[in-house]
Amino acid sequence: MKQIQGVKGVKDILPDEAMAWQHIQQKARNIFHTFGYSEIIIPVIEAAELFLRSIGETTDIVEKEMYTFEDRDRKKIALRPEGTASVVRSYIEHSLNQASPFSKLYYIGPMFRRERPQAGRYRQFYQIGAEVFGFEHPMIDAEMLSMLNLLFQSLDISGLELQINSIGCPNCRPQFREALRDFFAGRLSELCENCQRRFELNPLRILDCKSSHCHALSGEAPKTLDYLCADCLTHFNKVQDSLKSAGVPYVINQRLVRGLDYYTHTAFEFVSGSLGAQNTVAAGGRYNTLVEELGGPSTPAIGFSIGMERLVSLFDSSPVEKQSPFLFIVALGEKAQEQGFSLINKLHKEGISAIMDYSNGSLKSQMRKADKFNAAHVLILGEDELAKGVVTLRDMKNKTQVEVPLLEIVGKFGS
Ligand code: ATP
Ligand code: MG
């Protein structure tokens, strides 16, 4: 029969790797709770319009990468390409601002973008993200970055550089846009095809272009920080002072503009020196106008998201303990199998991890399986044991064994 393969650009997370994922997610949850965040679980599908309005119609995500389909009632649905828009939609729809003026929310889940699959770039990928609503103070920007820094430290991820920038606000960004347009107007033919289009629609995004020529050119382009209004400059300086006081190292990267339209003020990325071209592990920024643009009350906000696959690839999972079954029951013969089955049922009810292979295999072959499964102890039930009402308990590490009355086994391993 012809084999069916997984969809291109979508990967399976096999059990060994899933352990590392669980470990990372648990660390993230713990740290987020320390900082007062609660989990929000948002849907994977949304009205496509949500992303057109938030991310921006001229971004790569919306122009080229979004998976959309028409539902049976003709409504246009999208598989979410990111989490922020959904969280904002939910925040507004459920008037979370009325329950509390401040909300700190985090989410974990898959996102979908039809990009060219390559290392660090998948069509279904996972993000761990968080959003804060209702805080305008630059210290919350620094607190969020400090939280991310702490998470990466707790996972022993080294070689990450925090890059920050300010991309201004609706007050000062138009002037910067104009300055960029003036600069690139005379150099249009030198830009890549994509950037020629960006020049018309969204010239800031030229600074974000990965093509080497555009990259070199934008090094000479006007700098965002020279165009900030007084409020934006004060905010950015305070973010930096607060990062220093929290002991979070950073560098300023004036090309950092982010690929989504909704950002204002602070923009940031954690970049790895060892990931090749797809080297941004986490990214985010402030988006003080988005809640209002999506029909909610004017609410300052800031958020980030971490690319799970890229984070996992930097994580050394060797210290993470594998989940092995604790007991392996070797039953020899049909009668022993009946006893073994009744014993394993009792063990499971007590929450004691145990497996049995239900084979009629020899002692040797069942022992080999116990070894493969990495079981800590083996319980052997053979004819002798049955006759005496005992089991042979073998410690797989010390290679010692003792006889234990069958009736005492559950008590011995139960809490
Ligand atoms: P990039 O420049 O790497 O494409 P982006 O600006 O598209 O990033 P964001 O939308 O900010 O990325 O997403 C946040 C993070 O999610 C990225 O920094 C990255 O770690 C991860 N990410 C984004 N797209 C993908 C993808 N296709 N596959 C795996 N991870 C991704
Ligand atoms: Mg991208």
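The values are calculated or read from the model by the stated rules, or taken from the named source; none is laboratory data. Keep in mind the model is a prediction, meaning the values are calculated, not measured. Note that we place each Cβ from the backbone using ideal geometry, even for glycine, and neighbour counts take in every protein chain shown. Keep in mind that these areas ignore ligands, DNA and RNA; they rest on the heavy atoms of the full protein, side chains included. Shrake-Rupley method; radii C 1.70, N 1.55, O 1.52, S 1.80 Å.
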Give me the pairs: first residue in the range 112-129 and within 14 Å of residue 12 (Cβ to Cβ), second residue within 13 Å of ligand 2 (Cβ to nearest atom) and assigned to a strand (DSSP E or B), beta-carbon distance under 9 Å, and six or more apart or on different chains, which are they? 123/112; 124/111; 124/112; 125/111; 125/112; 125/307; 126/111; 126/307
Taking only pairs six or more apart or across chains, which ones have beta-carbon atoms under 6 Å, a first residue in the range 334-360 that is assigned by TED's automatic domain parsing to the domain that holds residue 386 and assigned to a loop (DSSP other than H, G, I, E, B), and a second residue that is of a type in the set (A, V, I, L, M) and modelled with pLDDT under 95? 350/410
State all residues of the range 1-26 that are more than 15 Å from ligand 1 (Cβ to nearest atom) and either buried (at least 17 other Cβ atoms within 10 Å of the Cβ) or assigned to a strand (DSSP E or B) (or both); if no residue qualifies, say none. 20, 23
Consider the range 377-415. How many of its residues are more than 15 Å from residue 338 (Cβ to Cβ), more than 45 Å from the chain's Cα centre (by Cα) and either in a loop (DSSP other than H, G, I, E, B) or among the β-branched types (Val, Ile, Thr) (or both)? 4
I'd like the full set of residues that are among the aromatic types (Phe, Trp, Tyr) and in contact with a strand residue (DSSP E or B) (Cβ under 7 Å, 6 or more places away or on another chain), limited to the range 229-264. 236, 250, 263
Only residues in the range 235-255 that are loosely packed, with under 13 Cβ neighbours inside 10 Å count as the first member; pair them with residues that are part of a loop (DSSP other than H, G, I, E, B), Cβ under 9 angstrom, at least 6 apart or cross-chain, and list the lot. 244/250
Is there a residue in the range 153-162 that is within 16 Å of ligand 2 (Cβ to nearest atom) and open to solvent by 10 Å² or more (accessible area, probe 1.4 Å)? no
Can you find even one residue in the range 113-130 that is out of contact with any helix residue (DSSP H, G or I) (no Cβ under 7 Å at 6 or more places or on another chain), away from ligand 1 (no atom under 12 Å from the Cβ) and under 27 Å from residue 22 (Cα atoms)? no
Within the range 81-98, identify whether any single residue is closer than 26 Å to residue 197 by Cβ and among the charged types (D, E, K, R), and answer yes or no. yes
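Considering the range 12-54 alone, what residues qualify as being among the basic types (Lys, Arg) and either in contact with a Lys or Arg (Cβ under 9 Å, 6 or more places away or on another chain) or not assigned by TED's automatic domain parsing to the domain that holds residue 117 (or both)?
None; the set is empty.
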Hits in the range 269-304 - residues which are within 16 Å of ligand 2 (Cβ to nearest atom), assigned to a strand (DSSP E or B) and either over 16 Å from residue 157 (Cβ atoms) or not assigned by TED's automatic domain parsing to the domain that holds residue 86 (or both): 284, 285
Residue list for the range 130-146, filter: crowded, with 22+ Cβ neighbours inside 10 Å and closer than 15 Å to residue 37 by Cα: 130, 131, 132, 133, 141, 144, 145
Every residue from the range 268-287 that is of a type outside the set (A, V, I, L, M), over 14 Å from residue 165 (Cα atoms) and either near ligand 1 (Cβ under 10 Å from one of its atoms) or crowded, with 19+ Cβ neighbours inside 10 Å (or both): 272, 278, 279, 280
